[in-house]
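A.B. asks: One structure coming up, written as structure tokens, with questions to follow.
Every read-out reported here was derived from the displayed coordinates using simple, explicitly stated rules and does not represent laboratory data. Every value quoted in this text rests on a predicted model; they were computed, and no experiment measured them. Cβ placement follows ideal geometry from the backbone for every residue including glycine, while neighbour counts extend to all protein chains displayed.
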Amino acid sequence: MPIRILRRLTDASSWRVYLILAVAILAALVSFSLSLQHRYLDGVVRRGETLQYDAPGQKSQTVVSLRHPNDEKGLILLPSDLTVQVEAIGDYAALDAYRERQDRIVAIMKSPTVQIGVRGPSGEIAEVPVQVRELDLSRLGEGFWGPLIVGLTAFLIGGWVWCLKPHETVTQVLAINGLGMLIAAATGAICFSQPIAAPSALISAVLDGNHLGTAIFGMSLISLFLIFPKRLVSDRVLWAIMATSLVISGLDFLRLLGATDAIFVFCFAVMAAVTGLIGIQSFKARKDPNAKASLLWLGLAVFVGAGLWCLVIGAHVVQGQMQTMPGSYVFISFLITYAGIAIGVARFRLFEVRDWAFRIFFYAVAAVLFIALDAGLIYLLGLTQSIALPLALAFIGFAYLPLRDLLWRRFLHGTSLNDSEILAAAMDMAFAPQASLRQAKWQGLLNTLFTPQVMAPAPAQVDAAFIDADGLHLHVPGLTGVPALTLSFPQGGRGLFSPKHVELVNQILRLSREAMQGLTAYERGAAEQRHRLAQNLHDDVGAKLVSGLSVADDASRPFIYEALTEIRDIASAMITESAPLDRVVAEMRHETVRRLDAARIDLDWPLWPEDAPFVQISALDKKALTSAMRETITNCIKHAGAQKVAVRLVLTGNRLQVNITDDGKGFGEQVMDGSASGQGLRSIADRIAQTGGIARFSNAEGGQTGAVIAFDMPLTPSGSATQ
């Protein structure tokens, strides 16, 4: 899979790949270069809304002021000076004041040393000189690396999907969405690296860039759900909506949005719009399993990512810590959303989406429940954390997890057959006596398991079960006498095939093949035993009957001939030998002539035509035909009182019709209404039915007397002939 994807990337227009890499590298270099312009104070670290001075061998002390060595008066530090989320400041006047104080701190830190005022254990203020040092890579914390890595990852994923499908509008929108994420993350990382101070010009540039990227990301996200998986708007409307991101960022630049935190309101509005569009798309895609699978990924990604984002922001708002919220949290939540969207757009392994979607959903619900319970027990009931935490864990373990397992089995493993039923069905299929019956049972089992809308012969040889790239088709290998099949649109067109379905089919096929091999071995042994018995019957009993012909009188000789014929037929059936139809007909005619001559009954049975097609019939068909013919002639001799018997055979296509008439007294009323107790006619009907044929019994029509017995048997000839 990776090699094939890499080949597709390199075989496509390579300039797209180079463009994506160049933009990613450029964004990283800009972010690095601007972040490394910051300075830090030796021994001074940020902890929340304060600066702490960690002197060797002393306890940490709070820094309350900064003073340039040439100034007489220092700058008293305020909590707002260490704001991480600048947008949370609120109004533009406060933002301007914040930027002015940032410039003053930057000016102080241009000196090689700075006098810092620290508060001692007893509350006294003392100044300590500290060195000002240039920032290096080792000083860039998770506040820098987190957003930058998230932005680069999102952009590279979007670019990768775009390079795979460059001419699709949805991948173009996804690439723009990734670009917006990269712009917002690369600029945000500069501030989220949490320097002590930054120049006001850099702060303005970073804010404008971050808000531009956020606007592009938000409007392209809405646009994405307007065209995927089902298109709701035209391209003209789509790109007009995308262009509004520039309008929004322009209004923000001109300070016409009302407040610095308007960007958060915009993000909430985007999430609300996307949630509504997911509902609309769900309705549109209800009959398209591939679109439903993509939408399931998209909905799951939005649920987890947006839910995490709202949860983090809501928690910081409730605690009044919005200004110090780490920015990396926001970007990580959006990365979850973006990754899910990219997978859905790329349609990568969507046949596994159902399992993964429920798995992620259940874990996300568990996490949200745990946090909500823990917070509720602490803030609402006033419990301590040491008591609330075990109670929340106990609820998750004893209440939620069993419910999750129940839902998991209900929605993901609720097959219509259990293991024992599948095993029984596989054995029943393997032991079917005929290939047509085995094929019918196999198709019935597959239909029960998967309910495909289409089941057709596979267009090519299938060695092992596999599903195609989008999970719409399952290709099933054949069995002995059963062709390979292709199943399409499972669950009545509402689902996709998954790897567990492939594993199930392969397991059933493996069991069936092993059963068929065992049956073949058993039948081989039974055939060898039947062959020995048939040989003994023919050689021993037959030889004694032949010897008896030399001493038998004229009255008993026909019975001996009949016994020899029976022995030959029984021996032939025991060793399951097939025979040419013309030879079988000739042997039946010869036997019938001899028997009717002995009974002084005339026979009208023309010879089988020499130009008739050659047909090889099975031992079962041979035994059924000869036994039914013999029983019919016996009925004519013993019960009909006939003077003449006529036999006609017609081979048409794959069926043999046999018609036997006599001029006797015909069948009685009990035979015609089915109430007769005799076994002869019933034996004829049963033997013909074993071949899949039918036997009919009637009386002659048109004022004539006599009975009519007709057979209609399926065979496998290569043409047709009439006699």
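A.B. asks: When a/c is below 1.5 the answer is rounded, else prolate if a/b is larger than b/c, else oblate, so apply that to the range 230-288 with a ≥ b ≥ c taken from the square roots of the Cα gyration tensor eigenvalues.
C.D. replies: Taking the square roots of the gyration eigenvalues as a ≥ b ≥ c, the range 230-288 is oblate.
A.B. asks: Output wanted: per-residue J couplings in Hz (rounded whole) for the range 42-58, from phi through Karplus 6.51 cos²θ - 1.76 cosθ + 1.60, θ = phi - 60°, x for Gly and Pro.
C.D. replies: 4, x, 9, 10, 8, 9, x, 9, 9, 9, 10, 9, 9, 7, x, x, 10
A.B. asks: Using R₀ = 30 Å, calculate the FRET efficiency as 1/(1 + (r/R₀)^6) where r is the Cβ-Cβ separation of L519 and N418; round to 0.05.
C.D. replies: The value I calculate is 0.80.
A.B. asks: So for each of 216-229, 447-460, 499-512 I average, over its residues, the number of other beta carbons within 10 Å; can you give me the resulting order with the highest mean first?
C.D. replies: In decreasing order of mean packing, 216-229, 447-460, 499-512 become 216-229, 499-512, 447-460.
A.B. asks: Could I ask something else about it? Looking at the calculated P(r) for the range 180-299, what percent of the C-alpha pair distances fall above 17 Å?
C.D. replies: Across the range 180-299, Cα pairs with separations above 17 Å total 62 percent.
A.B. asks: Would you mind checking which residues have amide H under 5 Å from R655's amide H? H placed 1.01 Å from N; only 5 or more apart, or other chain.
C.D. replies: L715
A.B. asks: Using the Cα atoms as the points, what is the convex hull volume per residue of the range 600-722 in Å³?
C.D. replies: 112 Å³
A.B. asks: Hey, what do the phi angles of the range 598-608 turn into as Karplus ³J(HN,Hα) couplings, whole Hz, using 6.51/-1.76/1.60 and θ = phi - 60°, x for Gly and Pro?
C.D. replies: For the range 598-608, the Karplus-derived couplings read 5, 8, 6, 10, 6, 10, 10, 9, x, 5, 5 Hz, x marking Gly and Pro.
A.B. asks: A follow-up question, please. With a cut-off of at most 14 other beta carbons within 10 Å, and DSSP calling the residue loop, which GluC sites (Glu not before Pro) in the range 47-111 qualify? Please list them.
C.D. replies: E72
A.B. asks: Could you tell me the ratio Rg/Rh of the range 42-134? Both radii from Cα atoms, Rh via Kirkwood.
C.D. replies: 0.98
A.B. asks: Here's something else I'd like to know. Please report the net charge: other residues with Cβ closer than 11 Å to the Cβ of D712, K and R +1, D and E -1.
C.D. replies: With Lys, Arg at +1 and Asp, Glu at -1, the neighbours total +2.
A.B. asks: Under the rule of at least 5 residues apart or a separate chain, name every residue whose amide H is placed under 5 Å from the amide H of T62.
C.D. replies: Y53, R119
A.B. asks: Please list, in chain and number order, the residues 5+ apart from N699 or on another chain whose amide H is under 5 Å from its amide H, with Hs placed from the backbone.
C.D. replies: Counting only residues 5 or more places away or on other chains, the set is V708.
A.B. asks: On to the next question. For the range 565-668, state the semi-axes of the equivalent ellipsoid (square roots of 5 times the eigenvalues of the alpha-carbon gyration tensor), sorted largest first and rounded to whole angstrom.
C.D. replies: 24, 16, 12
A.B. asks: For a quick check of your reading of the filter: which trypsin sites (Lys or Arg not before Pro) in the range 212-295 sit in a DSSP loop and have no more than 15 other Cβ atoms within 10 Å?
C.D. replies: R231, R255, R286, K287
A.B. asks: For the range 61-78, take each phi angle, set θ = phi - 60°, evaluate the Karplus expression 6.51 cos²θ - 1.76 cosθ + 1.60, and give the result in whole Hz per residue in order, putting x for glycine and proline.
C.D. replies: Values per residue, Gly and Pro as x: 10, 7, 8, 10, 7, 10, 9, 6, x, 8, 9, 7, 10, x, 9, 6, 7, 10 Hz.
A.B. asks: Can you bin the range 84-173 into rounded, prolate or oblate? Criterion: square roots of the alpha carbon gyration tensor eigenvalues sorted a ≥ b ≥ c, rounded for a/c under 1.5, prolate for a/b above b/c, oblate for the rest.
C.D. replies: Since a/c reaches 1.5 and a/b is larger than b/c, the shape of the range 84-173 is classed as prolate.
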